[in-house]
Amino acid sequence: MPLPPLPDTAIAIGVHADDWRAAVRAAGDALEGSGSTTADYTGRMIVMIEEFGAYIVIAPGLALAHARPGPDVLTEGLSVVTLAEPVSFGHPHNDPVSVVIGLAVTGADEHIHFVAELANVFNDASVIPAVAAATDADGIRSLLGANALAERELLS
Amino acid sequence: MKIVALCGAGVGTSAILKVTAERALKRLGIDAEVTATDVASVRAVASDAQVILSSSELVEAIGKTNADVIVVDNYFDLDELTQKLEVALG
């Protein structure tokens, strides 16, 4: 199953974030901007980290910001934020973070397919630094194998 | 055999861990069921599990368990997970 569409509105490059909260907020803003979530979801992603710690920093330099499904998730979505200056999330091994991926899912089951696709993409260790260094949205889409539009829009 | 992949929400990082773990188990030729779960339900879900995969941050939340707890640093690193699962299950 392909990744959800990654329109320009879901991508922010070279964001200046003072701390991890600002970095996660940028990923939430991008999810909101692409129409995937409302602002409440961004707050819930931050609460997840306040509650459980920096475990969302799942690989060197990469944070997967997300929260549980909820009414603030309008449609499943993905956002990508690259940081101008890497920020620390407080993870013992994988800090500092230069790429934040925002993930919003509507239920536990359907998203596993595109999460598998994310695992495929990032199984190549060179992808995270390449995304961090990308200078435009097309470059990031190409690295992730994502499209700007949903498949149904591409077909129409 | 049952293996549990743990994360805070049960829908994001644990799902990635599940995918990587299934690949590592395939590599090792081990037949096991991998279940993604969250902190709130880990005790119930992991009561009959051999292995719990987790981030170092969440180890405390697991509490007492008979399962081997494997701390995973890089959730995408198939080599790391294969090696750690081999040690735990071998």
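The values are calculated or read from the model by the stated rules, or taken from the named source; none is laboratory data. Quick caveat: nothing in here was measured; it's all calculated off a predicted structure. Here the Cβ is made from the backbone with ideal geometry for all residues, glycine too, and neighbour counts use every protein chain on show.
Residue by residue through the stretch B:63-90, note down the ones that are among the aliphatic types (A, V, I, L, M), more than 12 Å from every other protein chain (Cβ to nearest Cβ) and assigned to a helix (DSSP H, G or I).
B:Leu85, B:Val87, B:Ala88, B:Leu89
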(request) Would you please name the residue that is farthest from B:Gly10 (Cα to Cα), looking only at residues in the stretch B:23-54 that are in contact with a Gly (Cβ under 8 Å, 6 or more places away or on another chain) and of a type outside the set (A, V, I, L, M)? (result) B:Arg43
(request) Determine whether the stretch A:86-102 contains at least one residue that is within 22 Å of B:Ala36 (Cα to Cα) and surrounded by fewer than 21 Cβ atoms within 10 Å (Cβ to Cβ). (result) no
(message) Being closer than 19 Å to A:His91 by Cβ and surrounded by fewer than 21 Cβ atoms within 10 Å (Cβ to Cβ) is the filter here; which residues of the stretch A:18-43 pass it?
(response) A:Asp18, A:Asp19, A:Arg21, A:Ala22
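Can you tell which of B:Ser55, B:Ser41, B:Ser14 is surrounded by fewer than 18 Cβ atoms within 10 Å (Cβ to Cβ) and not aromatic (Phe, Trp, Tyr)?
Numbers: B:Ser55 fails: surrounded by fewer than 18 Cβ atoms within 10 Å (Cβ to Cβ); B:Ser14 fails: surrounded by fewer than 18 Cβ atoms within 10 Å (Cβ to Cβ).
It is B:Ser41.
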(request) With the checklist (1) free of Cβ contacts under 8 Å to residues at least 24 places away in the same chain; (2) hydrophobic (A, V, I, L, M, F, W, C); (3) part of a strand (DSSP E or B) in hand, flag the one item B:Ala15 doesn't pass. (result) (3)
(message) Any residue in the stretch A:29-58 that is more than 9 Å from chain B (Cβ to nearest Cβ) and without any contact (Cβ under 8 Å) to a residue 12 or more places away in the chain sitting within a Cβ distance under 9 Å of a residue that is buried (at least 22 other Cβ atoms within 10 Å of the Cβ) and of a type in the set (S, T, N, Q)? List the pairs, counting only those 6 or more apart or interchain.
(response) A:Glu32/A:Thr42; A:Glu32/A:Ser79
(request) For the stretch B:49-65, state whether one or more residues are in contact with a strand residue (DSSP E or B) (Cβ under 6 Å, 6 or more places away or on another chain) and among the charged types (D, E, K, R). (result) no
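Any residue in the stretch B:25-33 that is within 12 Å of chain A (Cβ to nearest Cβ) and outside any loop (DSSP other than H, G, I, E, B)? Before the answer, list the steps.
Our first condition is that a residue be within 12 Å of chain A (Cβ to nearest Cβ); within the stretch B:25-33, this holds for none.
Checked against the condition, which is being within 12 Å of chain A (Cβ to nearest Cβ) and outside any loop (DSSP other than H, G, I, E, B), the stretch B:25-33 yields no hits at all.
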(request) Identify the single condition in (1) modelled with pLDDT of 95 or more; (2) within 14 Å of chain B (Cβ to nearest Cβ) that A:Asp124 does not satisfy, given that it satisfies every other one. (result) (1)
(request) Identify all residues within the stretch A:22-50 that are in a helix (DSSP H, G or I), within 25 Å of A:Thr75 (Cβ to Cβ) and not aliphatic (A, V, I, L, M); write none if there are none. (result) A:Arg25, A:Gly28, A:Asp29, A:Glu32, A:Gly33, A:Asp40, A:Tyr41, A:Thr42, A:Gly43, A:Arg44
(request) Give just the number: which of (1) touching a strand residue (DSSP E or B) at 6+ places or on another chain (Cβ under 8 Å); (2) among the β-branched types (Val, Ile, Thr); (3) crowded, with 17+ Cβ neighbours inside 10 Å does B:Val19 not satisfy? (result) (1)
